[in-house]
Amino acid sequence: MSTFKFPIMNPLLHNELRLKVMVALDSLKSANFMYLCDITGSTRGNLSVQIKKLQESGYIKVDKSGSGATARSVCCITSKGHECLLAYEQGLRRLFSEQVPSSDEHEKVV
């Protein structure tokens with residue numbers, strides 16, 4: 001039996017919009033909600049749902065101020081989020097750099 005195994009990828013970060021938010025926040029350290037909407041090309045509703053998932057996981061924190069038309073939400077990445085993003089990046093790099101054994105090699109091992 002082969003000892004080769006693909007790396008386990010973090011399913012929370014495997015979503016395109018959540019990954020974009022995490023990469024942006026890792027680079028910027030913090031960003032307001034409307035800026036994240038703009039740079040990700042997301043709708044406010046979809047971004048709100050994805051930010052909530054990231055916040056519930058402890059990957060980002062959200063500071064809200066004001067109310068109504070003057071409401072403002074600022075998101076920033078946490079140290080846990082930063083570490084998970086790095087691990088995800090390393091997993092992707094490994095996924096693309098490792099050689100999957102051919103079926104001939106697999107049959108020799110079995």
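Values in this text are rule-based calculations from the coordinates and carry no lab data. Keep in mind it's a predicted model, so treat the numbers as computed, not measured. Here Cβ is always computed from backbone atoms with ideal geometry, including for glycine, and neighbour counts include all displayed protein chains.
Some notes on this structure:
- ³J(HN,Hα), Karplus 6.51/-1.76/1.60, whole Hz, each residue of region 33-49, x for Gly, Pro: 4, 5, 5, 4, 4, 5, 6, 8, x, 8, 7, 4, x, 5, 4, 4, 5
- Pairs of lysine residues in the chain that meet both criteria, 8 or more places apart or on different chains and Cα atoms under 29 Å apart, total 23.
- For region 3-66, the list of chymotrypsin sites (Phe, Trp or Tyr not before Pro) that fall in a loop by DSSP and count at most 14 other C-beta atoms within 10 angstrom reads Phe4.
- Stokes-Einstein D in µm²/s, Kirkwood radius over Cα pairs - the chain at 37 °C with 0.692 mPa s viscosity: 208
- Nearest-20 debye value, the chain charge dipole, Cβ charges on Lys, Arg, Asp, Glu: 560
- Based on Cα contacts under 8 Å between residues 6+ apart, region 6-110 shows a relative contact order of 31 percent.
- A simple spin-label model places the labels of Arg44 and Leu86 3.6 nm from each other, with each point 7 Å out along Cα-to-Cβ.
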